[in-house]
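Where a number appears in this text, it was derived from the coordinates with a stated rule and is not lab data. Only a predicted model underlies this, so the values are computations on that prediction, with no experimental measurement involved. We place every Cβ from the backbone using ideal geometry, glycine too, and count neighbours over all the protein chains shown.
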Amino acid sequence: MNAKLALSGAAAVVLSAGLTTGAVAQGASSAGSAGLATCAASNLSVSFHNRLGGGMNHAGATLEFRNTGARECALRGYPGLGLENAQHEELSSQAVRGSTWYADDPGNKVVRVEPGGTAQAVVAWTHSGSAARQAAYLRVTPPAATTYRTIELGDLVDNGELHVTAVANTVPVRG
């Protein structure tokens, strides 16, 4: 009996998660995207579109989310970020949402991603050496996902602090 109750509780959590995903799809509906599902992490590849250099010990990159699935899907919000060392062990880090050194935050909006299409977010950090962590890899969790992708970073990150914009079709980088 207790196993049944636990299973019922787990089903309720899954259904609640489905409602949360539905809320994103509803947001898409109000934007003219009726029935558009949230992009599943399993249908997205994540990579650096380009690395960004800069003065004053700033570094960054444009993250690219490519829809590898067969159907159009939607993303909305901010990716989750984390750091790993060369042994893929998690390092202490924090993500700060909003504008970065390189780009203004495009805002939390529904982004439609066609099969083979892409969406972007810009991530930035400083690497002056003050309380820096040597990060070999960057963990990227797509918005509304519970699993992450790992991409090579190979840089120092001060205090483990990463700044990230919301996802958009294109995030213009400052000249």
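Quick notes
- Compared with the alpha-carbon gap, the fully stretched path from A86 to N50 is longer by 10.8 nm at 0.36 nm per residue.
- Using the Karplus relation 6.51 cos²θ - 1.76 cosθ + 1.60 with θ = phi - 60°, the per-residue 3J(HN,Hα) values for the stretch 154-160 come to x, 8, 7, 10, 4, 6, x Hz, with x marking Gly and Pro.
- Distance from the alpha carbon centroid of the stretch 120-164 to that of the stretch 53-109 works out to 7 angstrom.
- FRET efficiency, S42 to S128 (Cβ-Cβ, R0 30 Å, nearest 0.05): 0.20
- Separation in nanometres of the label points that stand 7 Å from Cα toward Cβ, at R71 and T150: 3.1
- Remark on G160: its backbone amide H falls under 5 Å from those of R133, a criterion applied only to residues 5 or more positions apart or on other chains, H modelled at 1.01 Å from N.
- Between K109 and A95, the simple spin-label model (points 7 angstrom out along Cα→Cβ) gives 2.0 nm.
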